[in-house]
Structures are given as structure tokens and as C-alpha cells.
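Below: one structure, written as C-alpha cells.
Bear in mind these aren't lab numbers, they're just calculated from the coordinates by the rules spelled out. All of these numbers come straight from a predicted model, not from anything done at the bench. Note: ideal-geometry Cβ built from the backbone for every residue, glycine included; neighbour counts use all protein chains shown.
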């Protein structure tokens, strides 16, 4: 028994497959969906999405916000940008994390505003998610 899992951006249908399980980062923590899940609508966070396709193959993506909707037998993850874990450059992602960490702790001429701090934290989450997705996709 399965459900359909779709990842959609404004310009592309990134994934549309039969799945037995999907896990994604919601705004309030990790959320998992299995066949027979109740209907819901939730805001996505920045993080890794794993989709266990029918037949056993696992697909890994990074999403940076958006919405998730489970409606009957279809899970739709709507986001501005989705990155396939197999296409992520691990070295570049590690460099992004190092740069974001340096901004978080580096001396500045002035204290960061809350908005600037939120941007740095988002960059850290996104870089960590890319690293995790790249590692998972290589397994």
C-alpha cells in the first residue's frame, strides 16, 4: 500500500512517485508520513526530505521552506527551491557552512539585527541540510 509523494516548485514538478514513507522538516520539527496518514496542511522548514519509494529506493532532497499538504493519498511538498541530494557538491556545502558559522561568531563593527541573525541561522540550517542530504544520497 502506498501514497503519492510530489515535490513541486513554481517552475518544475521535481518528484511525483508512489511512496511508502516520507520524512520532512516542518516549521516545528521533523514530520513523517506513512500510508493512511490523516489530512494536514503545515508550513515547511529548511531541511532534508527523504522519500521511501515503493520498491525500496530512497530519494533525498533539500527544501527551503514552503508548505506540505496531505490530502487523501497524496502528499504534496510545495517549495520555492528543491535540491536533489545526488546533485549537491559536498565541498561547496561545507564551505557554505563555514562561511555562515564565521558570520555568526565573527567580530563585527556593530551587533547584528534580528533579521540579519535570522538570515545567518537560515544559511547555517540550509548548509547543514545540504551536507546531510549529500551524505544520505551517497549511501
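Side notes on the structure shown:
- Working from the Cα coordinates of the stretch 1-40, the gyration tensor eigenvalues give, after taking √(5λ), semi-axes of 18, 16, 8 Å in decreasing order.
- In range of the label at residue 86: residues from the stretch 1-34 whose backbone nitrogen is under 15 Å from the point 7 Å along Cα→Cβ: 14-17
- FRET efficiency for the pair residue 138 and residue 109, taken as 1/(1 + (r/R0)^6) with r the Cβ-Cβ distance and R0 = 35 Å, rounds to 0.30.
- Most mobile of 80, 54, 115 in a GNM of the chain (Cα contacts under 10 Å): 115
- Net length gained if the chain between residue 121 and residue 95 were fully extended (0.36 nm per residue, minus Cα distance): 7.8 nm
- Fewest-first ranking of 7, 131, using other Cβ atoms within 10 Å as the exposure measure: 131, 7
- For the chain, calculated [θ]222 nm from helices alone, where every DSSP H run of n ≥ 4 adds -39500 (n - 2.57): -10000 deg cm²/dmol
- Computed over the stretch 1-58, relative contact order equals 33 percent, with contacts defined as Cα pairs under 8 Å that lie 6+ residues apart.
- Considering every alpha-carbon pair of the chain, the percent of pairs per 10 Å bin, from zero through the bin containing the longest distance, is 12, 40, 30, 13, 4, 0.
- Ranking of 125, 59 by count of other Cβ atoms within 10 Å, fewest first: 125, 59
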